[in-house]
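Okay, structure first, notes after.
What follows draws every value from the coordinates through simple rules; no lab data is involved. Just so it is clear, the model here is predicted, and its values are computed rather than measured. A quick note on method: Cβ atoms are made from the backbone with ideal geometry, for glycine too, and the neighbour counts reach across all protein chains shown.
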Amino acid sequence: MNEFTSVCVYCGSADGNDPRFAEAADALGKAIAGAGLSLVYGGGSLGLMGRVARAALHAGGHVIGVIPQFLHDREVMLHEVSELIVTGDMHERKRIMFDRSDAFVALPGGIGTLEEVVEMMTWSQLGRHDKPIVLANVAGFWDQLKQLIGQMTESGFIRPGWDVSYDVAETIEAVIPTIKMRHENLHAKRVPQPSMLRRL
């Protein structure tokens, strides 16, 4: 079975107005490092992005920041990361984050966070990857997205056989176990069945 070694975290460049968001970012960064996984994130120093990265670094983790040049020029990147990759544009940034990650987690965030995690859902739906996707549903933040996806299904826009594959973790403690379970289930399906030996 293939092992996963890295987790991409999408999250806001602001802290939000609920202290539970910042607490969750701190806890997730620590949990990723504690599990021996690398953190892949957007390279920023502000908001939940900065918090999750700093927490992983403080816990001894390996952190890969991927930031486009125009944000690098504004000096909003986190200089302390283990690896800093500066890209030409947002499209290259997203591609590298995808390539360097074995799973995706969405903490609370704004429209950019929503766009990133929905894109991973879309790529999965179209069969372009089967990496785990987890919504960290801190303080019920993603409840309305879950409802919207359900409404899309009920309205016939997500047809049978084209289901959106994602999991929801209601606590930060559940994020890494949820990823591991999904990863194991996905790769268990890939194990080839032993062929019957032909009698000579």
Problem set entry | GLU3 vs. criteria surrounded by fewer than 18 Cβ atoms within 10 Å (Cβ to Cβ), touching a helix residue (DSSP H, G or I) at 6+ places or on another chain (Cβ under 7 Å) and not in a helix (DSSP H, G or I) | no
Problem set entry | So ASP89, is it in contact with a strand residue (DSSP E or B) (Cβ under 7 Å, 6 or more places away or on another chain), within 25 Å of ALA14 (Cα to Cα) and not basic (Lys, Arg) | yes
Seminar exercise, completed: All conditions in (1) surrounded by fewer than 24 Cβ atoms within 10 Å (Cβ to Cβ); (2) in contact with a helix residue (DSSP H, G or I) (Cβ under 9 Å, 6 or more places away or on another chain); (3) not aromatic (Phe, Trp, Tyr) are true of ARG74 except (2)
Problem set entry | Residue count, the range 116-128 (criterion: at negative phi and exposed (fewer than 13 other Cβ atoms within 10 Å of the Cβ)) | 3
